[in-house]
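The structure under discussion appears below in the form of structure tokens.
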Amino acid sequence: MAKVADIGSKRLINLAPDAWVKWVTQRPEVVAKEILGSEFHWISRETDVLVKAYSANHGDFLVLNELQLRYTTQMPLRMRAYAALAQERYQLPTYPVLINILPPPSTLNIVNSYEQEFLGLRAIQDYRVINLWEIDAEIVFGQPLPSLLPFVPILRGGGEVSVVQRALQTLRADAQLNELESLLAFFASFVLDTPLVQQIMRWDMAVLRESPWYQEIEQRGIQLGLQQGVQRQLVRVLRRRFGEIPHEVEARLESESVEKLENLMDSAIAVNSLEEFIRSLSA
């Protein structure tokens, strides 16, 4: 069974670190010197990869790579924290990059900085954002960028069977890359029917389950199932008590957490009118 590192962020970036740092910084003169440890005392994240880089203009610096399956509202604070920890540990300027793999819900706005003001003091951390679904699949074959090959199906224009097969052929032609076929199959399953994916490439669940991205999707799937179940029950209670529910109310409930929905369930039972329940949504 493959280890997490074999198909995780560090393994992918290690395939061609020079090409990777040139791409994420958009500076052709930058070269990678080494992959550094990203463990900070009690904190360790499998999706963080630190690369020590160099350019003639800026000397040595760190490229902090955070590959996130889906952007969340916690990411700006996380980018601030990890950039500071990396700079403190290695005493080098840090260039943080957030690579979002899959699009978040349309209601979530992706930002490229952390900003907070408290008691007149300000904390600011800028970082570069790369959304993979906005990247043209052809860039992977043209540069080349082997680190992005498993993500081809979710890149712009990469969801076509012919493009996925082209990525597959590239992986199979290189002994260093062919172990990533299962990860390519995993992301292909987001845009192609699963039976078709299983037909054209190896689908090794033992390997996939070791992927940090698979584990995150599995955990989020469990959480999403709980959220949807509580939401449906809440809507059922509201309809039974007050009749039809406005579409905007149901849409609002879709974005609430399980904990908030459970609290709203208590409100739905206790309130005397739908208007009173709607007011409780903002409480």
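Key figures
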| item | result |
| --- | --- |
| For Ile130, distant residues with modelled amide H under 5 Å away | Leu98, Ile99, Asn100 |
| Gyration tensor verdict on segment 82-178 (Cα atoms; rounded if a/c is under 1.5, prolate if a/b is larger than b/c, oblate otherwise) | oblate |
| Whole-angstrom gap from segment 88-109 to segment 138-154, using each part's C-alpha centre | 20 |
| Three principal axis lengths of segment 48-132 [C-alpha, angstrom, descending] | 41, 37, 21 |
| Residues of type lysines that Lys10 reaches as a straight line, Cα spacing below 18 Å, ignoring anything fewer than 8 places off in the same chain | Lys22, Lys33, Lys52 |
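Rule-based calculations on the coordinates, nothing more; no lab input. Note that the structure is a prediction, hence the values are computed from the model and not measured.
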